[in-house]
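Taking it in order: structure first as C-alpha coordinates, then the write-up.
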(Lines give C-alpha, C1' and ligand atoms only; values in the text may rest on other atoms or scores of the structure.)
Protein backbone atom coordinates (compact mmCIF):
# COMPACT_ATOMS: atom_id res chain seq x y z
CA UNK A 1 0.00 0.00 0.00
CA UNK A 2 2.76 2.45 0.88
CA UNK A 3 4.71 1.60 -2.29
CA UNK A 4 1.70 2.30 -4.50
CA UNK A 5 0.89 5.64 -2.88
CA UNK A 6 4.45 6.97 -3.04
CA UNK A 7 5.79 5.45 -6.26
CA UNK A 8 4.40 8.29 -8.37
CA UNK A 9 6.56 10.72 -6.37
CA UNK A 10 9.76 9.06 -7.59
CA UNK A 11 9.19 10.44 -11.08
CA UNK A 12 9.77 13.93 -9.65
CA UNK A 13 13.08 13.05 -8.00
CA UNK A 14 16.05 13.67 -10.32
CA UNK A 15 18.23 10.65 -11.00
CA UNK A 16 21.39 12.73 -10.45
CA UNK A 17 22.01 15.91 -8.48
CA UNK A 18 22.10 19.11 -10.46
CA UNK A 19 24.45 21.80 -9.25
CA UNK A 20 24.53 25.34 -10.46
CA UNK A 21 26.84 28.09 -9.39
CA UNK A 22 25.39 31.33 -8.16
CA UNK A 23 26.93 34.60 -9.26
CA UNK A 24 27.36 36.37 -5.93
CA UNK A 25 27.49 39.75 -7.72
CA UNK A 26 23.87 39.35 -8.88
CA UNK A 27 22.58 38.84 -5.35
CA UNK A 28 21.12 41.78 -3.43
CA UNK A 29 23.66 43.55 -1.27
CA UNK A 30 23.43 42.97 2.46
CA UNK A 31 22.09 46.18 3.98
CA UNK A 32 24.24 47.99 6.48
CA UNK A 33 23.46 46.68 9.93
CA UNK A 34 23.23 49.83 11.99
CA UNK A 35 22.99 49.77 15.75
CA UNK A 36 19.28 50.61 15.50
CA UNK A 37 18.64 47.67 13.14
CA UNK A 38 20.61 45.29 15.35
CA UNK A 39 18.73 46.43 18.46
CA UNK A 40 15.41 45.98 16.65
CA UNK A 41 16.36 42.46 15.54
CA UNK A 42 17.50 41.60 19.07
CA UNK A 43 14.21 42.83 20.52
CA UNK A 44 12.04 41.01 17.97
CA UNK A 45 13.96 37.74 18.01
CA UNK A 46 15.06 37.79 21.66
CA UNK A 47 18.52 36.82 20.41
CA UNK A 48 21.51 38.90 21.39
CA UNK A 49 24.29 39.67 18.93
CA UNK A 50 26.78 40.44 21.67
CA UNK A 51 29.81 41.37 19.62
CA UNK A 52 31.31 41.74 16.17
CA UNK A 53 31.36 37.95 15.70
CA UNK A 54 27.59 37.78 16.28
CA UNK A 55 26.96 40.56 13.78
CA UNK A 56 29.27 38.86 11.26
CA UNK A 57 27.30 35.64 11.70
CA UNK A 58 24.06 37.55 11.07
CA UNK A 59 25.55 39.09 7.91
CA UNK A 60 26.54 35.63 6.62
CA UNK A 61 23.02 34.34 7.28
CA UNK A 62 21.56 37.24 5.29
CA UNK A 63 24.00 36.52 2.43
CA UNK A 64 22.98 32.87 2.45
CA UNK A 65 19.26 33.64 2.48
CA UNK A 66 19.71 36.12 -0.39
CA UNK A 67 20.44 33.11 -2.63
CA UNK A 68 16.72 32.36 -2.54
CA UNK A 69 16.27 35.32 -4.91
CA UNK A 70 17.85 33.20 -7.67
CA UNK A 71 15.16 30.50 -7.48
CA UNK A 72 12.79 30.65 -10.46
CA UNK A 73 9.26 30.41 -9.07
CA UNK A 74 7.37 31.39 -12.24
CA UNK A 75 4.39 29.10 -12.74
CA UNK A 76 4.70 27.55 -9.29
CA UNK A 77 1.51 27.75 -7.30
CA UNK A 78 1.69 28.40 -3.56
CA UNK A 79 1.61 25.25 -1.48
CA UNK A 80 -0.87 25.05 1.36
CA UNK A 81 0.16 21.64 2.62
CA UNK A 82 2.38 18.82 1.45
CA UNK A 83 -0.63 16.54 1.78
CA UNK A 84 -3.04 18.65 -0.29
CA UNK A 85 -3.71 15.81 -2.75
CA UNK A 86 -4.69 13.30 -0.06
CA UNK A 87 -7.77 12.78 2.01
CA UNK A 88 -6.88 13.31 5.64
CA UNK A 89 -8.95 11.21 7.96
CA UNK A 90 -9.52 12.63 11.41
CA UNK A 91 -9.98 10.45 14.42
CA UNK A 92 -12.73 10.93 16.94
CA UNK A 93 -11.82 13.23 19.78
CA UNK A 94 -12.47 10.77 22.58
CA UNK A 95 -10.86 11.24 25.98
CA UNK A 96 -8.99 8.05 26.83
CA UNK A 97 -7.05 9.26 29.84
CA UNK A 98 -7.85 11.92 32.33
CA UNK A 99 -7.34 13.41 35.75
CA UNK A 100 -3.66 14.07 35.03
CA UNK A 101 -3.68 17.84 35.54
CA UNK A 102 -1.04 17.70 38.28
CA UNK A 103 1.28 15.62 36.09
CA UNK A 104 0.92 18.05 33.20
CA UNK A 105 1.35 21.18 35.31
CA UNK A 106 4.44 19.68 36.97
CA UNK A 107 6.23 20.00 33.59
CA UNK A 108 5.93 23.79 33.62
CA UNK A 109 8.73 25.99 34.87
CA UNK A 110 6.28 28.55 36.19
CA UNK A 111 2.53 28.34 36.86
CA UNK A 112 -0.15 30.58 38.27
CA UNK A 113 -3.45 29.09 39.45
CA UNK A 114 -2.96 25.87 37.42
CA UNK A 115 -2.07 27.76 34.22
CA UNK A 116 1.24 27.71 32.36
CA UNK A 117 3.09 31.02 32.41
CA UNK A 118 4.80 31.76 29.10
CA UNK A 119 7.91 33.92 29.02
CA UNK A 120 7.10 37.50 28.04
CA UNK A 121 8.10 38.07 24.44
CA UNK A 122 7.19 41.72 24.21
CA UNK A 123 9.50 43.09 26.88
CA UNK A 124 12.58 44.74 25.36
CA UNK A 125 15.97 43.40 26.32
CA UNK A 126 17.94 45.44 28.82
CA UNK A 127 20.20 47.98 27.14
CA UNK A 128 23.82 47.07 27.68
CA UNK A 129 26.99 48.40 26.10
CA UNK A 130 27.98 46.26 23.14
CA UNK A 131 30.89 46.28 20.73
CA UNK A 132 29.63 45.97 17.15
CA UNK A 133 32.64 47.70 15.62
CA UNK A 134 35.43 45.82 13.79
CA UNK A 135 38.43 44.91 15.87
CA UNK A 136 40.98 47.61 15.02
CA UNK A 137 43.85 45.86 16.83
CA UNK A 138 43.92 42.93 14.37
CA UNK A 139 43.89 45.35 11.40
CA UNK A 140 46.90 47.29 12.71
CA UNK A 141 48.77 44.08 13.53
CA UNK A 142 48.34 42.81 9.97
CA UNK A 143 49.60 46.08 8.47
CA UNK A 144 52.62 46.05 10.82
CA UNK A 145 53.54 42.49 9.85
CA UNK A 146 53.31 43.32 6.13
CA UNK A 147 56.02 46.01 6.39
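Computed quantities for the displayed model
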item: Total residues in region 8-34, condition within 30 Å of residue 131 (Cα to Cα) and in a loop (DSSP other than H, G, I, E, B); result: 8
item: Cβ-Cβ under 7 Å pairs, at least 6 apart or on other chains, region 19-41 side in contact (Cβ under 8 Å) with a residue 24 or more places away in the chain, far side in a loop (DSSP other than H, G, I, E, B); result: 35/132; 38/49; 38/132
item: Elements of type helices (runs of 4 or more DSSP H) contained in region 35-122, each with 1 or more residues being over 30 Å from residue 20 (Cβ atoms), modelled with pLDDT of 90 or more and in contact with a strand residue (DSSP E or B) (Cβ under 8 Å, 6 or more places away or on another chain); result: 101-105
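The values are calculated or read from the model by the stated rules, or taken from the named source; none is laboratory data. Keep in mind that what you see is a predicted model, and the values were worked out from it rather than measured. Counting neighbours? That spans all protein chains shown, and the Cβs are built from the backbone with ideal geometry, glycine included.
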